[in-house]
1. Contour minus end-to-end for Leu137 and Asp117, with contour as 0.36 nm per residue of separation and end-to-end as the Cα-Cα distance?
2. Sort 66-73, 113-120, 47-54 by the packing proxy (mean of other Cβ within 10 Å over each peptide's residues), most packed first.
3. As an exercise, use a Förster radius of 35 Å and the Cβ-Cβ distance of Ala146 and Met76 to find the FRET efficiency, rounded to the nearest 0.05.
4. Using alpha carbon centroids, what distance separates segment 58-92 and segment 99-146, in Å?
5. What's the ranking of 78-88, 99-109 by average number of surrounding C-beta atoms within 10 Å, highest first?
6. May I ask you to compute the full-extension gain from Arg106 to Val124, defined as 0.36 nm times their residue separation minus their alpha-carbon distance, rounded to one decimal in nm?
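Values quoted throughout were computed directly from the atomic coordinates according to the rules given, and no laboratory measurement underlies them. The model shown is predicted, which means the values in this text are computed figures rather than measured ones. In this analysis, Cβ positions are derived from the backbone assuming ideal geometry, glycine residues included, and neighbour counts consider all displayed protein chains.
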Amino acid sequence: MSEIKPASSRRAFVATGLRAGVLLAAQAAPAYSQSSSSKMEATIRTGGDVMTLVNVFTVEPENQQKLVQLLKEGTMSFFSKQPGFISSSVHASKEGRRAINYSQWRSAGDIENFRGDPRFAPYVQSLAALAKAETILCEVVEVNHA
C-alpha cells in the first residue's frame, strides 16, 4: 500500500468523478482527527480500507468564508466525534466560488450512520442556505509524489 503525506501548500489526488483542477487551485485548512481535536496532516493513500467522501460546494464569493467556517465547526463539533471518522480537510478555491470538504472514513457504513444522526439534517440545511453541494463517494486509486 502506497502512503504519502501531502505538502501543506497544495494537495493533489485522483478521485473518480472529481475535477482535479478545482482541488489544485484550492488552499487547504488544517485537518482534524477523531483521536483529538489537534491539528494533523491528512494521509492520502490507495486501497479499499478507507472510504473518501468529497463534497464540492458552489458558493457566492461573499459567502465562501462563512461556508468554510461552518464546515470547520461541523467537523470539530460533530463529524470528528463520529465512529469511523479518520480525517477531514477543508479547501477554499482562490477564485472564491467553491469550497471542498475531503474526509476519510473507515467504511461506507460509517458514512451512512452519521447521516442518520438527528443533528445531521439541520447541519445540511445550514450548508444548503449558503451553497449548492455535490457529494462524491470515492476510493483513492492513485497517489503520486515527487
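1. Residue separation times 0.36 nm, minus the Cα-Cα distance, leaves 5.3 nm.
2. By packing density, highest mean first, the sequence is 66-73, 47-54, 113-120.
3. With a Förster radius of 35 Å, E is 0.65.
4. 10 Å
5. Highest mean packing first, the order is 99-109, 78-88.
6. That pair, Arg106 and Val124, stretches by 4.3 nm at full extension.
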